[in-house]
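Single-structure report; data block below.
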Amino acid sequence: MNSNLHQGGVRFLRQLGRHAEPIMDAYLTGSLPDDTLEPAVQDRLVKDGILYRPEPGADLHLRRVVRALLEEALRDDRNRQIDANTGSALATFKTLAAHYKEARHQGDYAAADAYLADLKEHVYAFGETLSHSIRVLWSRINNEFGYVGTLNAKIRENELAQAQVSELLAGLEMISFEELAEAAGELRELRRLLVASLQHTVSSCAQELSIVQGRLLELLGRFRQIRGRTRLLKGWLLHMNQQPDYQVGNHAVHLEVPQLFNLAGPILAPAAVDVHNPLHEPDLLELVAQLRLNQSQEQFSTAPIEAAEFMLGEVDAFEVISNPIRDAVATYFCHVIDRGQAVSALEYRQQHNLPWNAESWLYQVIAGYEGLPDEQKRDFELDPIGEVHPVFSGNFIVGDVALGLA
């Protein structure tokens, strides 16, 4: 028998007997105010797992296991144990919320307070049940199912834990906070319990359950890998026991080499200099230094070459080939200057029967304007001519340009 476990159990039972009256008060009223117990006693009962505070500023409540123990011992049907089924818990929340709203509507504030206290205990117990389930799963994960003796048993325990996590997540997906908000109505106490507090608890539990599920999948993969290797080793040992005179043959001389042994030997792979690898930087610097040293030695060792006679001759004549469309654009600019007013590029093209298509002509006009020097560009203005897109706002479709004097 584990002596630490025995001492812990005895200490826990002594705490229950020493503080029986405040524990029963917490059981009957649902909570225990802070001024009922001394701070040292409160800390000791919280540390021993008898009382807990569901949220900062709230009163102390009994742990789920202690309440379940008293319910079973007293055969109390009023404070029945909370069912772990999420659907049943949600139905209980909605029923108690309806009782509370009806009592307030009828003016029975004592019954309303009793229903609200019962609802608080159910909500807090539901969160405590989820937290307890997660703690149990983490305890099973941390010891890697060390309480079982075989690897197959570990895999079965892992699969069972995964099924439990899936059931918990499926139960959390059943919670509809829209329905709970509708059940709470405009009452602040109900909305704080059924929406704010419960939503915070469910979100934190769901996040932790997802981490638990990932850890379980990782463990299951490792267990299955170990089992596969173990089966391979056991098969080889069984084969060696059945055929003790077995010797490995020379598979290289066979016509068909098994795939396990059909592995080519390592060859020297093609290499290239990687100038972006910082590990090769010292070697590259050394190579460059050697190259410079060799070049300098060659320059000093080689006799200077006598300078040849250099004569200036006549520069060969060359002719700049003109571009017809560029010349046409220059003529168009001169036409605008002579006329003194803006002229459309497409109208000028049509009047002079220019052979280029409209798009090429417009691009060349725009390029000719943008290629002018700044002092000449200030003398012209190039205005786009087009229309706004009928469907997409902010898009202006340019169909022509007009060149004029500034």
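The values are calculated or read from the model by the stated rules, or taken from the named source; none is laboratory data. This structure is a prediction, so every number in the text was calculated from the model and none was measured. Glycine also receives a Cβ, built like all others from the backbone with ideal geometry; neighbour counts cover every protein chain displayed. The accessibility values were calculated without ligands, DNA or RNA, using every heavy atom of the protein model including side chains. Shrake-Rupley method; radii C 1.70, N 1.55, O 1.52, S 1.80 Å.
Looking at (1) touching a His at 6+ places or on another chain (Cβ under 9 Å); (2) over 18 Å from residue 132 (Cβ atoms), which is the one condition that is false for residue 45?
Unmet for residue 45, out of (1) touching a His at 6+ places or on another chain (Cβ under 9 Å); (2) over 18 Å from residue 132 (Cβ atoms): (2).
Residue under question is residue 201, and the condition is that it be in contact (Cβ under 8 Å) with a residue 12 or more places away in the chain, open to solvent by less than 60 Å² (accessible area, probe 1.4 Å), hydroxyl-bearing (Ser, Thr, Tyr) and over 30 Å from residue 105 (Cα atoms); does it hold?
It is false that residue 201 is in contact (Cβ under 8 Å) with a residue 12 or more places away in the chain, open to solvent by less than 60 Å² (accessible area, probe 1.4 Å), hydroxyl-bearing (Ser, Thr, Tyr) and over 30 Å from residue 105 (Cα atoms).
When residues of the stretch 336-382 are filtered for being open to solvent by less than 80 Å² (accessible area, probe 1.4 Å) and either part of a loop (DSSP other than H, G, I, E, B) or not hydrophobic (A, V, I, L, M, F, W, C) (or both), how many remain?
Final tally of qualifying residues: 15.
Residue-wise test of (1) under 21 Å from residue 117 (Cα atoms); (2) among the polar types (S, T, N, Q); (3) modelled with pLDDT under 85.
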| site | (1), (2), (3) |
| --- | --- |
| 148 | no, no, yes |
| 157 | no, no, no |
| 163 | no, no, no |
| 178 | no, no, no |
| 184 | yes, no, no |
| 204 | no, yes, no |
| 210 | no, yes, no |
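Any residue in the stretch 146-174 that's farther than 14 Å from residue 134 by Cα: show its pairings with residues that are modelled with pLDDT of 85 or more and of a type in the set (Gly, Ala, Ser) at Cβ separation under 9 Å, as long as the two are six or more apart or on different chains.
173/206
Considering only the stretch 176-184, I want to know if a residue exists there that is exposed (fewer than 14 other Cβ atoms within 10 Å of the Cβ), under 30 Å from residue 95 (Cβ atoms) and either among the basic types (Lys, Arg) or touching a helix residue (DSSP H, G or I) at 6+ places or on another chain (Cβ under 9 Å) (or both).
Yes, that holds for at least one residue.
Keeping to the stretch 95-112, report how many residues are open to solvent by less than 80 Å² (accessible area, probe 1.4 Å) and touching a residue at least 60 places away in the same chain (Cβ under 8 Å).
4
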